[in-house]
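Engineer: So that we are looking at the same thing, I have put the structure below in structure tokens.
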Amino acid sequence: MFTFTSSGSLLRLLIVVLVCFELGLAATTTNAAASPVQNNTTGSVTGFNTLGSLYDGNKRFRNTAGKRSVVKRLVEEPPSFMFLGCTDNRLTPASIFQAPVGSIITQNNIGNQYSKKDVSTDAAITYAIEDLGVQHIIVLGHYGCKGVSRAITGSKKRSSISEWIAPIANFYKRERRAEVVKFRDSRMPRRGLPKGITDPPSNDDEGYRAFVEENVKQTVKALREDSILAKGYQLGAKTNAKETQHEVYIHGFVFDETTGTVVDLKVSFGPPGKPIPSVPFTAAAAAKNLHTRKASFNKGKILSKPKYIHD
């Protein structure tokens, strides 16, 4: 219990209490602003790392784009684009291209690969074409791809990951593009470096970036030769058919995480007899212009292996 001898002392005490209260409130506000998610944000760049984060995000979604009328319209409206991307690309195509909700669908795996032996990806692409009616399928690689990096550095430990990236590793060993050959040779064992260079390459390494591009081209090649489109388009090319069952165009793009730029590798193909739609993205420096190749599907000629496809 306090005893005050004068009204002046009481006033001074009240001032001290108010100042302490204000300082405490300011500290609380600062901490709240610095920590958008209050639980376990240590080490998180975004602070979006708890189940509470997901709950709050879903709550915001329900209050905006998740309204019943909007969801119903999205279900009824077919998407125009499908992206075959890489698992470790943290920015989704929806973010990269600022796409409206529901306008694209995605299928991801390590190294944005396609193989007819991969039932999951093959089924997803077939479903997108036959049931959803997508118009464009875009293979979207990214410079700094960890799957490609791991295929380059190799791994003695056998795992499902090493088995999955084995096609990329084998492709790396035989790729003949000049930048990749120079890069590969620079990492080989030599005097003073008996094991060669085993560290992951730098994201801005010219040879590494070139191989990322070639890996995307390889996936486009696989779609061209082995996917649901292959049989129909080859038939159309051989018969010079004017009508095809699926009017879908395949493109190869690479995303640069540093600059946000998307480049076109100019390996697009589409139905025989139909021109490739204009691709406004800047071409990668070493990309060959295959949009107008006479021996590709879009001109409806008998198939011949394009020069960009490797044995």
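Engineer: Taking the mean number of other Cβ atoms within 10 Å as a proxy for protection, how do you rank 188-200, 170-182, 48-60 from highest to lowest?
Structural biologist: The packing order, highest mean first, is 170-182, 48-60, 188-200.
Engineer: A further question on this structure: Calculate the spin-label point distance for LYS173 paired with ASP88, positioning each point 7 Å from the Cα along the beta-carbon direction, and give it in nanometres.
Structural biologist: It is 2.1 nm.
Engineer: Now for a different question. Which value results when the Cα radius of gyration for the stretch 79-152 is divided by 2.2 N^0.38 Å? Show your work: numbers first, answer last.
Structural biologist: Details: Rg = 12.5 Å, N = 74, 2.2 N^0.38 = 11.3 Å.
Against the compact-globule rule of thumb, the ratio is 1.11.
No value in this document is a laboratory result; all are computed from the given coordinates. Keep in mind the model is a prediction, meaning the values are calculated, not measured. Positions of Cβ are backbone-derived with ideal geometry, glycine not excepted, and every protein chain shown enters the neighbour counts.
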